Amino acid sequence: MAETKEKSLSDEKPKPRVRPIVRLGIFLISHSFHVSVVCCTAGVLALFLLPVLAKNTYISENALMPGSASPMLSNQHVSDGNRLVKDLTNPNSKSSETGIESHKIIAQYMLDLGAEVSFHKFHPQMNQFHPLHFFSSPDSGKIQENYSCSSYGINTVGIIRAPHGDGKEAIVLVTPYNALKSGFGEALSLGIAYSVFSLLTQVTWLAKDIIWLVADSQYGEYAAVAAWLREYQTPKFSSLSTPNAEMCPDVNNLFELKGHSISGSKFSNSFRRAGTMASALVLKVRDQNEQFEDTISIYAEASNGQMPNLDLINVVNYLAVHRQGLRVNVEKLWSLLNSSWLKSLGEIFESLAKVAKSLYPKWKFGIPATEYVEGTATLASSLYYQALGVPTGPHGAFRDYQVDAITLEISPKFSLDKVWRNDILLRGGRLIEGVIRSVNNLLEKFHQSFFLYLLTSPSKFVSVGVYMIAFAFLIAPLPMVAASLYVDANSSSNCSKGDSSTPSAITDTDEHSIAIRSWRWLNSAKLVFIVHLWGAIVSLLPYFISQIPDCSPTTSFMIWVLLSILSLLTLNSVLASPLACAKATQEKEWALVKSVTISSVFIGLGLMSVINFATAEIGALLMVPMCLLAQPLKLDVRAGTLRSFCRMICNLVLGHIAFPPAALFLLKGMLDGFGNANVGDFWMWVESLWAWNSATYLFIGMVQLPCWVLCISILFHTC
Amino acid sequence: MEKVKKKIGSFSFWNWVTASIIFRLILIYFPKNLNLSSRPEVSTPLTSFRRLAEGYWLKQSFMSPYAGSMYHGSPLLLSLLGPLTINRIEGQPNHLLYSLVSVIADVVSAMLIRATGQNLRLAYLRSLESLDLVKQIEVSGDIAALIYLCNPFTIVACVGLSTSPIENMAVILCLYGACSRLIPLAAFGWVIATHLSLYPAILIIPVIFLLGCGPDSPPRKLFLQRHQQKEVLNQSKLPPRFSWGPVIHFAFWAFLWSVYVLVLCGISLKQFGGLWEMFKSTYGFILTVEDLSPNIGVLWYFFAEVFEFFRNFFLIVFHVNILFMILPLAIRLRHRPCYLAFVYVAICSMLKSYPSVGDSALYLGLLGWFVNELADMQFSLFLFCGYVGVSLLSPVMHNLWIWRGTGNANFYFATAMVYACLQIVLVVEGVSAMLNHDRKLRNLITGKPQDAKS
């Protein structure tokens, strides 16, 4: 911003004494081309350097003390867990259509341990269009009118009250379970959770309540957890939906049976609560096993690229690797692992590090090329999932209520015969026990470690202070170029008029030109504003299109495109008509338009980098070159030099790539091959974005698309 | 904000007024979705509608409206607007009546701004004529009124159910009365504005100048120089000297109105501790910065951090800051009282203890009066982008701090500081542009070539 300030100073005639900082600003603005080339290159380079700059994770919160106590989970608990697994996989339990039997079994087991048990019934919420939702506080949700008895889910909730706690805090353990078609993995995850649960009813060190949520995943794991959380955190006082659900005969049946079969006083029909949640763990066991050793995958990305506190991942990683001997995995983009250019880049960095080390032995920043490639693949997937803004698992629902949560997915090595099953129950159970014991030690909520970071491996991370540098380099040229264009456009009009205007001859026309000179950008600002308004309209259109029944994605997409073009034309004819007459008087109109466009892109990218860094980074990679290079094609054709020819080619290529659907098409093509790409894909992708309240949707609609339109209009400007 | 300026050519003034009213009415029908009335940018402890409703409720149940440190406004507002917090129309949004009152207040303010702008333009034309500088100048009244009506800040303050539209109206009423020499009206506006939000008290200086020597004109020196050149001293063409008559008249009316207001307040607070209670929990609350909940100003953060035993010292420092600027500005800009009023309002909205976007709306609207003089203002694009950027970034930072928990108070305060800096740049650039304009007029008269400064 400082540059903008100085550019107007440079506008004046040279003063005898110019302050150094002003001189620096003038220097930067006058050399904005070189500066922007250097900055953009540095930005891209810094992005590729991130895996090298990643630091090892460390446990920042002292109170956690992971692994300091020896695990108490014994074979007794494991055999308890095994019993539950057997009962659940027993074909007799699957007799009921709604899978109520297995819920009853689980509830009975919980009651036998002395836990408080309750059922939570929910209706899966339909996907709604609320793109601004990420921005507002979580609410209790809209009450839908037409519930049908056929579609509801039952979560089984067991709560252990801590003997030493005051009941103000709780730790949540979630196991998704689909009673209708459960695989063996889901039953095993319940077994692990049960063995830990049975241990926790006996221990004396528990200071926080333990909630075990068996989430009914027949309508998706996320929906079940989100429904339970919504009920837990924002109770509905109107209670309109509860009687609705209880009118269904099946549910009543469930309660009656319970009342008969269970004499325990700890069963309750009402919704049970414990204290505020300190953290949550979602536990899953995968059925297939393609790994060569026992691995555990960590999924951490919640909606809009929010991450849980790094300490939670650190604790899991530490305990899994150093105590239980499990291999820890985080998501990778597998296609990047085999790319040769990345490998050679890694080798270059490695050899550079060697040279640096030979020059000065204390410089140790190199990492081996293979590690670099893996780090980059992990970083790319971390960026991708954060940018998408769609949570990677049920843990995402917790982050909306500021609860740190991750999903652990255990993939066992061998086929699940008896011995291996016991082993995985023991090790998984001890891992969960260790994590719960660590979190149990917490005095406050997680706050010591990072919330804003990117993972390059389970034990390495790039913090916000490092990755912001790459982004800052990338967007630094924007204000500079905007300022220099603005100064150019202003000074050119100054030169043409300033000489002729003798002081006495300030007539009304000249006065008018002065008024125009200082506020000339208003016209361009109006154009930019109109295009952004159009962007907002385009982002709202899918709400109406999605109301049309029986529409295939391709037709919806076509309707969307048609309506968008129509609205652009309408807006242009209604609001922008004065532009045409103003254009004749302003010879460097396009420069001003470009300047204002770049300013708006700068604001948009800066804003997005705060909301969701990864989206802003990817968007900046696409938009910054396009904005900076945009120049009327006519001028380039007229100039006819090699440089202008290159710029023209770049402009045309970028103009195609940066169009959002085209960018998605390319990305999909690179990941899965171009064969099965379809026009409707973009519509489906966008639908998933708004259904998950992703801010990326708004970014595409209100920053990237308008920017693309403005750049195209600059390219085809008739000057 | 200033975007409106160019659009006037193609659209008539009244179309835009209607459009802005319709836009407000549409927004009023979505109060739940926007939830503007709970935003810290819109409702401060002084302007919050919910606090007003609470105060009214307390008063209805025969308790002091100031009990519990919830309400800090005037007791007159309680009697006037309080019933609107309860009255509802079936099937309509809850606070429709109050919203309609704010819309009407906005429209009235805009009309007053327009009338004042026309007054100023006439005066400016007259003084240019007497300097023999014929110019075509923009219709600043319309522009200012449209900037005020179409400014997103005004719209947000109006739809967000804050009391700032009414406070702004009082300030504008005072300036209008002074410009059109309706002395009782000016005194009424000044007394009410001061009563409602205390800071407009310093507007007494521009009002005195306005009443004493008339609206904005080039410096008096210029007229003398011009006539020396012509070697005929035509007294009738000179601007009038300072006359004390209207000022004394104004003082009398101001005294009358303040006694009236105080008596009314005293009657309405008779059982609840009387006037002293009112002074303590309105002006005392403003001056001692008791409420440290975050807002777009800079004082809350500072006083949350400062040690308790330095608190009084810094309270004095911060408030004297405003007073320090009064005198130099009054001397330098005494020939342009309306501009002086704009500068004062801008400075107050920067340094006041509980600022809201409604205050910015007021001074941005007043800025529209001076489009002719400020045509050469520097950094206009920078300021515009800054305002847009800050007003988008500030809610995001608030969300990051309060709802997501990944940010902290520093994030939000950073935007507040940037906002304060923007206002400083606006004031500094505005004043220097105005002085440059005067300098240019002088050069035109004396026939000197334009030097680098113009």
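The values are calculated or read from the model by the stated rules, or taken from the named source; none is laboratory data. Keep in mind the model is a prediction, meaning the values are calculated, not measured. Quick reminder, even Gly has a Cβ in these numbers, built from the backbone with ideal geometry, and neighbours come from all protein chains shown.
Summary of computed values
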{"quantity": "Residue within the stretch A:98-119 that is under 30 Å from A:N693 (Cα atoms), modelled with pLDDT of 85 or more and crowded, with 21+ Cβ neighbours inside 10 Å present", "calculated": "yes"}
{"quantity": "Some residue of the stretch B:288-305 being without any contact (Cβ under 8 Å) to a residue 60 or more places away in the chain and of a type in the set (S, T, N, Q)", "calculated": "yes"}
{"quantity": "Matching option when the condition is of a type in the set (A, V, I, L, M), assigned to a loop (DSSP other than H, G, I, E, B) and either modelled with pLDDT under 90 or on the phi < 0 side of the Ramachandran plot (or both), among A:M277, A:M307", "calculated": "A:M307"}
{"quantity": "Failed criterion for B:F313 (all others in (1) surrounded by 18 or more Cβ atoms within 10 Å (Cβ to Cβ); (2) assigned to a helix (DSSP H, G or I) hold)", "calculated": "(1)"}
{"quantity": "The stretch B:57-74, subset surrounded by fewer than 21 Cβ atoms within 10 Å (Cβ to Cβ) and aromatic (F, W, Y), residue farthest from the chain's Cα centre (by Cα)", "calculated": "B:F62"}
{"quantity": "Any chance A:V22 is surrounded by fewer than 20 Cβ atoms within 10 Å (Cβ to Cβ), in a helix (DSSP H, G or I) and in contact with a Leu (Cβ under 6 Å, 6 or more places away or on another chain)", "calculated": "yes"}
{"quantity": "Residue satisfying all of: in the stretch A:676-701; in a loop (DSSP other than H, G, I, E, B) and hydrophobic (A, V, I, L, M, F, W, C); nearest to A:G389 (Cα to Cα) among these", "calculated": "A:W692"}
{"quantity": "Residue match in the stretch A:315-332 (condition: under 30 Å from A:E231 (Cα atoms) and in contact (Cβ under 8 Å) with a residue 60 or more places away in the chain)", "calculated": "yes"}
{"quantity": "Candidates B:L120, B:L131, B:L112 - the one that is surrounded by 15 or more Cβ atoms within 10 Å (Cβ to Cβ), touching a residue at least 12 places away in the same chain (Cβ under 8 Å) and in contact with a Ser or Thr (Cβ under 7 Å, 6 or more places away or on another chain)", "calculated": "B:L120"}
{"quantity": "Single residue of the stretch B:392-406 satisfying the filter (more than 8 Å from chain A (Cβ to nearest Cβ) and either surrounded by 19 or more Cβ atoms within 10 Å (Cβ to Cβ) or touching a strand residue (DSSP E or B) at 6+ places or on another chain (Cβ under 9 Å) (or both)) that is farthest from B:D359 (Cα to Cα)", "calculated": "B:H398"}
{"quantity": "Residue within the stretch A:187-195 that is assigned by the TED database to the domain that holds A:D404 and surrounded by fewer than 24 Cβ atoms within 10 Å (Cβ to Cβ) present", "calculated": "yes"}
{"quantity": "Hey, B:L323 within 24 Å of B:H195 (Cα to Cα), of a type in the set (A, V, I, L, M, F, W, C) and part of a loop (DSSP other than H, G, I, E, B) or not", "calculated": "no"}
{"quantity": "Any chance A:V462 is closer than 27 Å to A:Y384 by Cβ, within 14 Å of chain B (Cβ to nearest Cβ) and β-branched (V, I, T)", "calculated": "no"}
{"quantity": "Members of the stretch A:303-361 found to be more than 16 Å from A:T378 (Cβ to Cβ) and hydroxyl-bearing (S, T, Y), listed by number", "calculated": "A:S303, A:Y318, A:S340, A:S344, A:S351, A:S358, A:Y360"}
{"quantity": "Filter result for A:S491 (hydroxyl-bearing (S, T, Y), surrounded by 13 or more Cβ atoms within 10 Å (Cβ to Cβ), at pLDDT 80 or above and in a helix (DSSP H, G or I))", "calculated": "no"}
{"quantity": "Failed criterion for A:K413 (all others in (1) assigned to a loop (DSSP other than H, G, I, E, B); (2) among the basic types (K, R); (3) surrounded by 22 or more Cβ atoms within 10 Å (Cβ to Cβ) hold)", "calculated": "(3)"}
{"quantity": "Among the candidates B:F370, B:F382, residue that is farther than 30 Å from B:R181 by Cβ, surrounded by 24 or more Cβ atoms within 10 Å (Cβ to Cβ) and within 14 Å of another protein chain (Cβ to nearest Cβ)", "calculated": "B:F382"}
{"quantity": "Some residue of the stretch A:399-407 being among the hydrophobic types (A, V, I, L, M, F, W, C) and either without any contact (Cβ under 8 Å) to a residue 60 or more places away in the chain or in contact with a His (Cβ under 7 Å, 6 or more places away or on another chain) (or both)", "calculated": "yes"}
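Condition check ((1) crowded, with 20+ Cβ neighbours inside 10 Å; (2) farther than 30 Å from A:A46 by Cβ) across all residues:
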{"position": "A:G325", "(1), (2)": "no, yes"}
{"position": "A:E347", "(1), (2)": "no, no"}
{"position": "A:T370", "(1), (2)": "no, no"}
{"position": "A:T376", "(1), (2)": "yes, no"}
{"position": "A:V390", "(1), (2)": "yes, no"}
{"position": "A:G396", "(1), (2)": "yes, no"}
{"position": "A:Q402", "(1), (2)": "no, yes"}
{"position": "A:N422", "(1), (2)": "no, yes"}
{"position": "A:R427", "(1), (2)": "yes, yes"}
